[in-house]
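Asks: Please read through the structure below; I'll follow up with questions.
Taken together, the values in this text are just the output of simple stated rules run on the coordinates, not laboratory data. Small disclaimer: the values here were computed from a predicted structure and weren't measured. Cβ placement follows ideal geometry from the backbone for every residue including glycine, while neighbour counts extend to all protein chains displayed.
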Amino acid sequence: MDIEHDFSDVDSFFKEGYTELDSIMDSVGQEAVDYAKENGSYQDRTGELRKSNVAKVDKGLVLENYQEYASYVEAKGFEVLSGAALYAHKRLEEEVE
């Protein structure tokens, strides 16, 4: 007994799902960057540290700061991106649920 299956729509289904997920991650990433700018617990004298917070979506959400001293500021107990990362994690759980 031969059974025929048509799976021609599976690829488009996954592509649509990944596109939707990328859009959600992009939106949450921007929210996280805004969160970091508003809630950073350090004194940003030049404005460069807050301006250097960015979010990237490439098979996942990546938050980073381009200033070399950002990790030093975090190590001193100030919040540069750590709080934003926790915020993004919580928001992604809410959105993808």
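Asks: Does the range 15-26 contain any residue that is touching a strand residue (DSSP E or B) at 6+ places or on another chain (Cβ under 7 Å), surrounded by 13 or more Cβ atoms within 10 Å (Cβ to Cβ) and β-branched (V, I, T)?
Replies: Here is the first cut: in the range 15-26, the residues touching a strand residue (DSSP E or B) at 6+ places or on another chain (Cβ under 7 Å) are 22, 25-26.
Next cut, surrounded by 13 or more Cβ atoms within 10 Å (Cβ to Cβ) only: 22, 25-26.
Next, only the ones that are β-branched (V, I, T) stay: none.
No - not one qualifying residue is present in the range 15-26.
Asks: Limited to the range 43-75, what total is found for residues that are in contact (Cβ under 8 Å) with a residue 24 or more places away in the chain and either touching an Asp or Glu at 6+ places or on another chain (Cβ under 6 Å) or charged (D, E, K, R) (or both)?
Replies: Residues that pass the stated criteria total 2.
Asks: Please go through the range 34-50 and give me each residue that is touching a Gly at 6+ places or on another chain (Cβ under 9 Å), surrounded by 13 or more Cβ atoms within 10 Å (Cβ to Cβ) and farther than 15 Å from K76 by Cβ, ordered by number. Even if it seems obvious, please write down each step before you answer.
Replies: Within the range 34-50, the subset touching a Gly at 6+ places or on another chain (Cβ under 9 Å) is 35-36, 39-41, 49-50.
Narrowing the set further to residues that are surrounded by 13 or more Cβ atoms within 10 Å (Cβ to Cβ) leaves 35-36, 40, 49-50.
Result: Y35, A36, R50.
Asks: Looking at (1) surrounded by 11 or more Cβ atoms within 10 Å (Cβ to Cβ); (2) over 17 Å from Y87 (Cα atoms); (3) of a type in the set (V, I, T), find the lone condition where I3 falls short.
Replies: With (1) surrounded by 11 or more Cβ atoms within 10 Å (Cβ to Cβ); (2) over 17 Å from Y87 (Cα atoms); (3) of a type in the set (V, I, T) applied to I3, the lone miss is (1).
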